[in-house]
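A.B. asks: What follows is a single structure, and I will ask about it in a moment.
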Amino acid sequence: EILPRYRVLNDISFSHAQAVDELRTVTARSRIEPFDRIASSLRQLADDYGRRFGIAVDLRIAAGHLALDRAVLASMEEILKRAVRSCIRDGIEKPEERLAAGKPARATLGIRVENDGSDVVCRIEHDGWPFNPMLVGEIARERGLLARPFETYSDEELGAFLLLPRFVESKSGNHGDALAEFNEIGSMLQHIGGHGEVRNTERGTLEIALSFPVPFTVLEVALLRTGESRFALPAQQILRFEAFHVERVAPEPDEPAASTTWYASETGEQYELLNAGEECGVFATESPRYIILLDALGEKRALAVDAIGGYERVSVNRLPALLDRRAAREAGCSGYAVLADGSPCAVMSLRRLLQGSRGNGGRHA
């Protein structure tokens, strides 16, 4: 009221900031390229190295309709090629060795790309030799890198050492070449601000998780509603939608008193229902009409929802600084997107949701 011109300047400044932000977004989108652009070169590389090293391997890539800045994509392609070569040369047995071990002669090498807030995570998984955390832990102990007793470290924590630059000083020993190759991959990843880890999965495979920082990503999401909560779920995590039938909800068949609730799909497959019971948080439904069958860490999961708003291509932004990020991450939130109608919407990560609930010892959504 005292200085009305200040309000005018404030409005001008705000309009200017909006225009600059819109220009920045348009410019960033012009540099976006789909991950599928590098898929053919990765497959060709896998075929070439398979023939060179005498390894029979099938490369499967699940990109999930993800688009990235072309500079990030170029760095990612170089590192992924190095990792694929290392897996084929040092991580997968020859056909005769696989047959002798009771495995199929042809190995399976998979690459899965996921958005994780301000990062893109590439998960490389194969059914060759498992990761040896004890060997890595012994090297870390010899080099004085352990901050607490060896037995308190998980396999994932020990696997993170493997992708530290200069973790192995030489290529001596039976596993020296393979460990040194991981070091090179870790150095390339750290150079662009990324990080990674190696672990053995519950499915008996080895997984290399490489996290790449990205300034801007575009991906396809499904817009969902449970109760009063509207959120987005990446399309790559969804297997299919079905109509919800309450009679298909049941406890564990062999353990009626168990806390796990299952949903039987139209084909008779059993999926663990994530938002069953009272502790469902933002996923509590009012009148569920649809069931979403999900691919979660290679396991079958299902989520009941009240409504589906269709699909939309969005760019994912980091969580605001003032938000309780730990609580948001444990709830499965990886970031937020501004939808076509201008409203903000939380983007959920199924992998993060499950990891958060497991870390707390609970099973709630």
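The values are calculated or read from the model by the stated rules, or taken from the named source; none is laboratory data. Note that the structure is predicted; figures quoted are calculated from it, not measured. In this analysis, Cβ positions are derived from the backbone assuming ideal geometry, glycine residues included, and neighbour counts consider all displayed protein chains. Note: accessible area is taken over every heavy atom of the protein model, side chains too, but ligands, DNA and RNA are not part of it. Shrake-Rupley method; radii C 1.70, N 1.55, O 1.52, S 1.80 Å.
A.B. asks: Considering only residues that are touching a strand residue (DSSP E or B) at 6+ places or on another chain (Cβ under 7 Å), of a type outside the set (Lys, Arg) and surrounded by fewer than 18 Cβ atoms within 10 Å (Cβ to Cβ), look in the stretch 104-115 and name the one that is nearest to Gly194 (Cα to Cα).
C.D. replies: Checked the stretch 104-115; the qualifying residue nearest to Gly194 (Cα to Cα) is Gly110.
A.B. asks: Which of the residues belonging to the stretch 47-64 are of a type in the set (Asp, Glu) and either modelled with pLDDT under 90 or touching a Ser or Thr at 6+ places or on another chain (Cβ under 9 Å) (or both)?
C.D. replies: Matches in the stretch 47-64: Asp58 only.
A.B. asks: Quick one: how many residues across the stretch 207-234 are surrounded by fewer than 21 Cβ atoms within 10 Å (Cβ to Cβ) and either hydroxyl-bearing (Ser, Thr, Tyr) or out of contact with any Asp or Glu (no Cβ under 7 Å at 6 or more places or on another chain) (or both)?
C.D. replies: 7
A.B. asks: Next question, about the same structure. What strands (runs of 3 or more DSSP E) lie completely within the stretch 252-355 and have 2 or more residues being modelled with pLDDT of 80 or more, on the phi < 0 side of the Ramachandran plot and open to solvent by 50 Å² or more (accessible area, probe 1.4 Å)?
C.D. replies: 307-315, 333-338
A.B. asks: Right, Phe241: open to solvent by 10 Å² or more (accessible area, probe 1.4 Å), at pLDDT 90 or above and in a strand (DSSP E or B) or not?
C.D. replies: For Phe241, the condition - open to solvent by 10 Å² or more (accessible area, probe 1.4 Å), at pLDDT 90 or above and in a strand (DSSP E or B) - is met.
A.B. asks: On to the next question. Do the conditions hold for Ile139, that is, is it modelled with pLDDT of 85 or more and open to solvent by less than 10 Å² (accessible area, probe 1.4 Å)?
C.D. replies: Considered against the rule, which asks whether it is modelled with pLDDT of 85 or more and open to solvent by less than 10 Å² (accessible area, probe 1.4 Å), Ile139 comes out as no.
A.B. asks: Then there is this: Being of a type in the set (Asp, Glu) and under 20 Å from the mean Cα position of the chain (by Cα) is the filter here, so list the residues in the stretch 29-73 that pass it.
C.D. replies: Result: Glu33, Asp36, Asp69.
A.B. asks: Determine which member of the set Gln18, Gln44 is polar (S, T, N, Q), open to solvent by 30 Å² or more (accessible area, probe 1.4 Å) and at pLDDT below 90.
C.D. replies: Gln18
A.B. asks: Let me ask something else. Filter the stretch 146-156 down to the residues that are in contact (Cβ under 8 Å) with a residue 12 or more places away in the chain and of a type outside the set (A, V, I, L, M, F, W, C) and list them by number.
C.D. replies: Listed by number, the residues that qualify are Tyr153, Asp155, Glu156.
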